[in-house]
Each structure stands twice: as structure tokens, then as C-alpha cells.
1. Looking for something of a type in the set (Ser, Thr, Tyr), modelled with pLDDT under 85, over 19 Å from the mean Cα position of the chain (by Cα) and assigned to a helix (DSSP H, G or I) - is there at least one such residue anywhere in the stretch 70-79?
2. What about VAL168, is it open to solvent by less than 10 Å² (accessible area, probe 1.4 Å) and aliphatic (A, V, I, L, M)?
3. When you scan the stretch 229-248, how many residues do you find that are within 10 Å of GLY193 (Cβ to Cβ) and aliphatic (A, V, I, L, M)?
4. Test ILE40 against the stated conditions and say whether it is outside any helix (DSSP H, G or I) and modelled with pLDDT under 75.
5. Just give me the residues in the stretch 171-188 being loosely packed, with under 15 Cβ neighbours inside 10 Å and assigned to a helix (DSSP H, G or I), in sequence order.
6. Looking at (1) outside any helix (DSSP H, G or I); (2) at pLDDT 90 or above, can you tell me which one LEU129 breaks?
7. Within the bounds of the stretch 149-157, is there any residue that is surrounded by fewer than 24 Cβ atoms within 10 Å (Cβ to Cβ), closer than 15 Å to ALA328 by Cα and touching a residue at least 12 places away in the same chain (Cβ under 8 Å)?
8. Out of the residues in the stretch 83-125 that are more than 17 Å from ASN197 (Cα to Cα) and within 17 Å of the chain's Cα centre (by Cα), state the one that is modelled with the lowest pLDDT.
Amino acid sequence: MNLFSNLLKLLKDRRFWVGILPPFLLGALAWWVGSLFPVIGAPVVGIILGLFVGQLFGQRESWSTGVKFCAKKVLQTSIVLLGAGMSLGQVVDIGGQGLPVLIGTLVVAIGVGIPLSKKLKIEQETGLLVTYGTSICGASAIATMSQVMGAAPTAVAVSIAVIVLYNVLAALIFPFLGQALGMGFADFGLWAGTAVNDTSSVVAAATSFDTQMLASGAVIVGMSATAYAVVVKLTRTLAIIPLAIFEQWRQNRQPKPNATPKKWYQLIPVFLVLFLVAAGVRSLGIIPSTWDEPIRFLAHFGTTVAMVAVGMTSSFAAIKRAGWRPLALGGILWLLISLTSLAIQYAIAQI
């Protein structure tokens, strides 16, 4: 009842309707630009547009309610919709084959990233978000973990800026490296799915590899590198769940002054539970496959709108103050994950 009354109160607030308009309009523009440059992706364009608008018009009080709603509630809804687009059957099938690579790269990245961010004296939230974003799935992981952590918008903006640089590099370099290493379609799909961050860049790299291989006379037997990479990427996305619970538990061990430590069941964010429920419902066939494309669109567009809102509440000056250290952290982790993935794939092939 309290939730319903709060929703009614929000809908009656004029600032809510005025405030959601800029993120949605800019989100539509970012979506269009992102479709022209898929390597970069709409969410990244969204946060850049949001930053510029935020600096140009400032943090307007008349926008605050709607912008905050987009940055939090629209984002959480989009994360749930991502679950509705996942087939757990496919995840079990292909994810099982690539599980050693997925777990190996994740353990190495987390194990190195957290202490390295402290060594580099990076602000804690930024260091954690860069680590989680590089370890799991780029902007989606940053968006999810920032909700769990209650991270500052500037930390989110810095982390995404780091991720996008290495996404672009990976999408450009990986197809040529894959061919030079003599990889097959499935091998490259596994490598791209584990070592490239955002889905848009995974698709861009794998599609480029498929095109180059087919042009050289190769024949696809089974799945293309793109199809394989996407399923591996979806499997990798599921790592958000245990890591989000771990991060919530870690924060609960160091409660803020006058805060009551949470019970174990309170450590699981509701939107993550709904994410798993949505994935389960999709896998049972209750959600028809014909809905996949609309659901995927809503999830990605919602994330783009949320990133615009995050950008609008961030600061260029704060991003500049973050300096080169987050960039160095992201680069080291990206290189480490890429090499670890290759090493584990090679080791498995030799067994």
C-alpha cells in the first residue's frame, strides 16, 4: 500500500514529468547515434550527451525528481528486462563448455583488480566499478553494481569512459588477432565473449571476424562466432548475481554510523531477484520468442535513458580529477583477461 501511495504521489508531481523528458529525448538521440556507431553503443553516447546537457544547464531542481527516477528505477527495470531476454537453456549448454574460461578470467580480474585499484590510490567506488565492469559485462555490470553500491554518478561516468575505450580497441583489434592465431568460429566466440566487455562491442568484434573468415573461404559448421559470443556473453552476465550479493554483504560488514546491519535475505536486491525470475519465465517458454526483439529493445533503450540521467548528474571536473589511474586499471585488467582467456582455452585444447 505504501508503494502504491508513493507511486501516486510521484505521478502527481509536476517535476517528475518535466524531469523525465530530457533523459528520454536525449536517450532517443543516443539510440540513433549508437545505431550508426555500434562499436561505441547507445548507452555510452547517452552518458556523454547527459554530461554535456548537465554542464550546459546545471543541476536543475525542476528536473531532479524525473532525472533521479530515470537513473534508478528505469535502470533497474531495464536490468529485469535483460533477464527476460535470456534463455537459461542456451546458457547451460554453451556456458558449461566455456565455464573454466569464464570462472578463470573472473577470479583473476577480481583478484587483481581490487588490490590494484588500492595500490593505484583510485577512489574506492570508481576502482570497484572499473573492476566489475571489466570482469563481467561492461556498462551493464557497472549499471547494476552502481545500484547495489549506491555509487556516485561521477564514479559511474568515469568507469564507463574507461570501459568504452577498451571496448573500441577490442572490437577493432580482436578480429585480426583471432585470424593471426588461427582461431575457429567457436574459439573466437568464446574469446570475444569473455574478453570484450559490452554486448555491442562483442557483436561488432565477432561479426567482423565472421565476415573476414567467410571472405577467406572458411565455412561455418554449427554456430557462427557472433552467435557463440553472444551466448557466452549472456552466461558471463549471470556473474552479476553472486557478485552483487557479495558486494552487498561486503558493505553490510562495514555499516554506516547509526545504520542497522541487514539480515542475509535483505542483502539480495529485489531487482536482481526479478532478473532471475524473468530469465526463468523466458526459459520456460511463457514469454514467446517473438517477444525477444521488443524486450531487448526496451532493455537497451531503458539503459540508454538511465545513462543519460547518470550523465546529467555527473561532473566533467570530477571526471578530470580522476586522472589516468582508472584508465591504467582498466587497461591492465583488460589485457590480463584477454591473455588469461587465451591461456585457459589453450590448456583445455591440450587436455
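The values are calculated or read from the model by the stated rules, or taken from the named source; none is laboratory data. Everything numeric here is computed off the predicted structure, so don't read it as measured data. A quick note on method: Cβ atoms are made from the backbone with ideal geometry, for glycine too, and the neighbour counts reach across all protein chains shown. Surface areas here come from the heavy atoms of the whole protein model, side chains and all, with no ligands, DNA or RNA. Shrake-Rupley method; radii C 1.70, N 1.55, O 1.52, S 1.80 Å.
1. Our first condition is that a residue be of a type in the set (Ser, Thr, Tyr); within the stretch 70-79, this holds for 77-78.
Still in the running and modelled with pLDDT under 85: 77-78.
If we keep only those that are over 19 Å from the mean Cα position of the chain (by Cα) too, we end up with none.
No: the stretch 70-79 contains no residue that is of a type in the set (Ser, Thr, Tyr), modelled with pLDDT under 85, over 19 Å from the mean Cα position of the chain (by Cα) and assigned to a helix (DSSP H, G or I).
2. Numbers: open to solvent by less than 10 Å² (accessible area, probe 1.4 Å): no; aliphatic (A, V, I, L, M): yes.
In short, no.
3. 5
4. Working: outside any helix (DSSP H, G or I): yes; modelled with pLDDT under 75: yes.
Yes, satisfied.
5. Listed by number, the residues that qualify are LEU172, ILE173, PHE176, ALA180.
6. Failed condition: (1).
7. no
8. Among those residues, the one meeting the criterion is MET86.
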